[in-house]
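J.: Okay, handing you the structure first.
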Amino acid sequence: MAQKIIITCAVTGSIHTPTMSPYLPVTPADIASASIEASHAGAAIIHLHARDPDTGKPSADPEHFMQFLPRIKEECEAVVNISTGGSSLMSLDERLAPALRAEPEMCSLNMGTMNFGIFPLKQRFDKWQHEWEPRLLEATRSIPFRNTFNDIETIFKQLGQERGARFEFECYDIGHIETLAWYLNEGWLQPPLYVQFVMGVLGGIGASPESLYSMKAAADRLLGKNYEFSVLAAGGMQMRWATMGVVIGGNVRMELENSLTIGPGQLAVSNAEQVEKIRRVVEELGYTIASAEEARDRLALKGRENQSF
Ligand code: KMH
Ligand code: ZN
């Protein structure tokens, strides 16, 4: 029988800004509700960033995270996955603080330093709700997203070895899969590895069938049976690429983090709306979705009782 599909939902992220969509979760209450609704709609894993409740600016303050994490744990079964990517403008110490505080079952881990250009989004708007919004977007023209080998090893040690987190490995190009394979072969990591193929970020691999297939071919060659993958595509085509990912044996990530729409030119009114849609699509194609417990089992997670919130 085909493997069940794990749906991850990344509810807010640090790419989009409040001017771009009134539906982007900003406050702790928004982020908690969005996560719980996405879980009830079928998401087994919730990938989390925080925002400053007053300005909507991406925040790495552990106290902002602690205002929504306990409610998410209380009101749904989903696996909590805390970003260690934060945003390109944060230091590594800032990026790690929330996960070190909360000790979640999963964390993201970005597999290489790269350009991460979100500045093109600036052209789409004339007026901004907050002055930080165009400044943050423009800053990505000159500031790289830093993930050195040393940064990666710090995350392995502090969150993996010392706190038992397992990772969503964010791979934006084939070189990142090579790096992941190197760490696997050097004995830093134990399978199963959960690899996110991230397509469509300016600076990473583009979103196309050929790109997706080359990522899978590289991962099959380098990681063999030690991994499973999920597909995330930034922008308006996320449903199509996610569906293609499922058909070639993967899982999916939905989100307002990387895609604000539900269809061409139409804003999604919630993360749950996107989760419901991909669920309908994959179920129509004859697949079933994995529960949070099934995802925990498959990804060898430490369990929701072993977290610090
Ligand atoms: N925003 C995505 C392109 C992270 O949080 O560590 C990748 C991401 C990174 O989710
Ligand atoms: Zn993220």
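The values are calculated or read from the model by the stated rules, or taken from the named source; none is laboratory data. These numbers were taken from a predicted model, which means no experiment stands behind them. Quick reminder, even Gly has a Cβ in these numbers, built from the backbone with ideal geometry, and neighbours come from all protein chains shown. The protein model used for the area step is the full one, side chains on, heavy atoms only, and it has no ligands, DNA or RNA in it. Shrake-Rupley method; radii C 1.70, N 1.55, O 1.52, S 1.80 Å.
J.: Using amide H atoms built 1.01 Å from N in the peptide plane, name the residues 5+ places from Met111, or on other chains, whose amide H lies under 5 Å from its own.
T.: Glu170, Tyr172
J.: Mind checking which of Arg51, Arg101, Arg135 has the largest fluctuation in a GNM of the chain, springs on alpha carbons under 10 Å?
T.: Sorting by GNM fluctuation, first place goes to Arg135.
J.: Starting from the Cα gyration tensor of the chain, take the square roots of the eigenvalues, sort them a ≥ b ≥ c, and report rounded, prolate or oblate (rounded when a/c is under 1.5, otherwise prolate if a/b is larger than b/c, else oblate). Mind showing how you got there, number by number?
T.: Values: a/c = 1.19, a/b = 1.14, b/c = 1.04.
Cα axes put the chain in the rounded bin.
J.: What accessible area per residue comes out for region 7-306, rounded to a whole number of Å², with a 1.4 Å probe?
T.: Working: 11910 Å² over 300 residues.
Computed with neighbouring chains in place, this is 40 Å² per residue.
J.: Tell me the trypsin sites (Lys or Arg not before Pro) within region 269-309 that lie in a loop according to DSSP and have at most 16 other beta-carbon atoms within 10 Å. List each step's numbers first, then the result.
T.: Working: sites: Lys277, Arg279, Arg280, Arg296, Arg298, Lys302, Arg304; in loops: Lys302.
Passing both the DSSP loop test and the Cβ count: Lys302.
J.: When N counts the residues of region 100-213, how does its alpha-carbon radius of gyration compare numerically with 2.2 N^0.38 Å, as a ratio? Mind dumping the intermediate values first?
T.: Values: Rg = 16.4 Å, N = 114, 2.2 N^0.38 = 13.3 Å.
Rg over 2.2 N^0.38 Å, computed on Cα atoms: 1.23.
J.: Taking 25 Å as the cut-off for C-alpha to C-alpha distance, list the pairs among Lys4/Lys73; Lys4/Lys277; Lys57/Lys216; Lys57/Lys127; Lys4/Lys57 that go past it.
T.: Working: Lys4/Lys73 23 Å; Lys4/Lys277 17 Å; Lys57/Lys216 34 Å; Lys57/Lys127 16 Å; Lys4/Lys57 36 Å.
Long pairs (Cα-Cα over 25 Å): Lys57/Lys216; Lys4/Lys57.
J.: Moving on to the next point. Local charge sum around Ile118 (other residues, Cβ-Cβ under 10 Å, Lys/Arg +1, Asp/Glu -1)?
T.: The answer is +1.
J.: Would you compute, for the Cα atoms of region 210-309, the largest minus smallest coordinate along each principal axis and list the three values in descending order, in whole Å?
T.: In descending order, the Cα extents are 39, 38, 27 Å.
J.: With a/c under 1.5 counting as rounded, go ahead and sort region 161-259 into rounded, prolate or oblate using the C-alpha gyration tensor (a ≥ b ≥ c being the square roots of the eigenvalues; past the cut-off, prolate if a/b is larger than b/c, else oblate). Working shown, then result.
T.: Working: a/c = 1.85, a/b = 1.56, b/c = 1.19.
Prolate.
J.: Using modelled backbone amide H atoms (1.01 Å from N, in-plane), which distant-in-sequence or interchain residues come within less than 5 Å of Ile289's amide H?
T.: Ile5
J.: Report relative contact order for the chain in percent, whole number only (criteria: Cα-Cα under 8 Å, sequence separation at least 6).
T.: Dividing the mean separation by the residue count of the chain yields 24 percent.
J.: Now, a different point. With the full set of protein chains in place, find how many percent of the accessible area of the chain is carbon and sulfur; take the probe as 1.4 Å. Please list the in-between numbers first.
T.: Details: 6220 of 12460 Å².
On the chain, the fraction of accessible area on carbon and sulfur atoms equals 50 percent.
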